[in-house]
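The values are calculated or read from the model by the stated rules, or taken from the named source; none is laboratory data. Bear in mind that the values here come from a model prediction, so they are computed numbers and not experimental data. Please note: Cβ atoms are built from the backbone with ideal geometry, for glycine as well, and neighbour counts cover all protein chains shown.
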């Protein structure tokens, strides 16, 4: 198999399995988000960090709340955890 990509091999084939075990897929209107739980030290409690946006709608890529690295409140996600 030949894989042509601009990303490094470590991003495509991570060496640690626990990196994938921390990730969850969350449904949003128009697509899905791959997120991981992040413990914040504020009153708000646990947040979800966006890892990847999975959608065919190009307008969702322009939304700031769905950008990779942004923190999302679990109550703001309407689809729930898969």
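Some observations on this one:
- Test: residue in the stretch 48-60 that is modelled with pLDDT under 85, within 13 Å of the chain's Cα centre (by Cα) and surrounded by 12 or more Cβ atoms within 10 Å (Cβ to Cβ): no
- Of the residues contained in the stretch 15-22, one or more are found to be assigned to a loop (DSSP other than H, G, I, E, B) and modelled with pLDDT of 80 or more.
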